[in-house]
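Here is the structure we will look at.
The values are calculated or read from the model by the stated rules, or taken from the named source; none is laboratory data. None of the values given here were measured: they were computed from a predicted structure. Methodologically, a virtual Cβ is constructed for each residue, glycine included, from the backbone with ideal geometry; neighbour enumeration extends over all protein chains shown. What goes into the accessible areas is simple: the full protein's heavy atoms, side chains included, and nothing from ligands, DNA or RNA. Shrake-Rupley method; radii C 1.70, N 1.55, O 1.52, S 1.80 Å.
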Amino acid sequence: MLTRREIPLLSALFALGGSVGAVAQDDRLPAIAVRGSEVTVSRQLIIARPDLPVPADPGMLFYVQHSINKNQIVYAARQNAAGKLDRDEPVEAFWRRFDEDGRRRALTFFERVFAFGVRVSPLPDERFQARIAGYRDRGIVVDLDGAGKPRGLLTVGQRTVRLVYAYAVADDSGFIPKVHHVDFHGFDIASGEAIRERIRLDM
């Protein structure tokens, strides 16, 4: 189950998908609004927290870290025996509980349906579009690169970015932590430049 310190992260992801109103009211969490985004371009990928472990699951597309604890969500592609993306379930999401022993744990029904689960629809050329339950407004294209390795592609402005990870920053000094921003990190597939898109939140 979600810990008390992970609930605001859940709510922030609701806000990114525009669905936070009723949940925040029911759970007595502060209202959340998206204030906009900014993009940073650099030569190397920005590492938000060098002290956090990095998942190494097969087929990993990207992962989600946050400042509340070490637990992370992993999004991974499923491939069939021929190495192609599985048509029935091309993407799966699950926890890596690094605050405990690093074990894999399935998402609960609530987490899967309202926050971290993935809805996938087919695209031409054996690609898929994935939408995270808490971030429905922007789709992630899932395909295989030239070497047959799965990747998740996000449009950032005019760029197509291969996602590596996302990081949510929260202030947990109060009774209810407040999420200030969520960063999406990856590489521009055309230029190879490292990209960070920061989405700022008001709570």
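With r defined as the distance between the Cβ atoms of Glu126 and Arg200 and R0 fixed at 45 Å, what FRET efficiency is calculated, to the nearest 0.05? After rounding to 0.05, the efficiency reads 0.80. In loop segments of segment 130-186 as defined by DSSP, the chymotrypsin sites (Phe, Trp or Tyr not before Pro) with at most 11 further C-beta atoms inside 10 Å of their C-beta are Phe175. Once the convex hull of all Cα atoms in segment 116-195 is built, its volume per residue stands at 121 Å³. Only protein heavy atoms count here; under a 1.4 Å probe, Asp183 has an accessible surface of about 10 Å².
Think of a 1.4 Å ball rolled over the protein heavy atoms: segment 75-173 then has 53 Å² of accessible area per residue. Could you calculate the FRET efficiency of Glu100 with Ala190 from 1/(1 + (r/R0)^6), where r is the beta carbon distance between them and R0 is 41 Å, rounded to 0.05? That pair, Glu100 with Ala190, gives E of 0.55. Among the GluC sites (Glu not before Pro) in segment 42-131, those located in a DSSP loop and surrounded by at most 13 other Cβ atoms within 10 Å of their own Cβ are Glu100, Glu126. Cross-link partners of Lys84 among lysines, defined as those whose alpha carbon lies under 26 angstrom from its own and excluding same-chain residues fewer than eight positions apart: Lys149. Considering segment 24-171 at the alpha-carbon level, its Rg and Dmax are found to be 16.0, 49 Å. Surface composition of segment 94-147: carbon and sulfur atoms hold 51% of the protein heavy-atom accessible area at a 1.4 Å probe.
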